[in-house]
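The values are calculated or read from the model by the stated rules, or taken from the named source; none is laboratory data. Quick caveat: nothing in here was measured; it's all calculated off a predicted structure. Every residue, glycine as well, gets a Cβ built from its backbone with ideal geometry; the counts of neighbours run over all protein chains shown.
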């Protein structure tokens, strides 16, 4: 057992590391007159008014929040 060579760390071949993508979310419509939950979702996304933009990580939680207010925001995928 002492004569066995040490195991080499395995590396995936041909696979690139996943680059975390970013979503650029811009508020395009006013939150006035919307439901309180929608206003809260905009605040959670970091948006405070029309024309304000926030760059957020592309994760299921963020996608879910955007799905709640698609009529108020515009989304672009940005590669860092």
>> Checking residue 61 against (1) without any contact (Cβ under 8 Å) to a residue 60 or more places away in the chain; (2) surrounded by fewer than 12 Cβ atoms within 10 Å (Cβ to Cβ); (3) assigned to a loop (DSSP other than H, G, I, E, B): exactly one of these is not met. Which one?
In response: (3)
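For every residue, the table says whether it meets (1) at pLDDT below 95; (2) touching a strand residue (DSSP E or B) at 6+ places or on another chain (Cβ under 6 Å).
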position: 5; (1), (2): yes, no
position: 17; (1), (2): yes, no
position: 26; (1), (2): no, yes
position: 31; (1), (2): no, no
position: 41; (1), (2): no, no
position: 55; (1), (2): no, yes
position: 59; (1), (2): no, no
position: 71; (1), (2): no, no
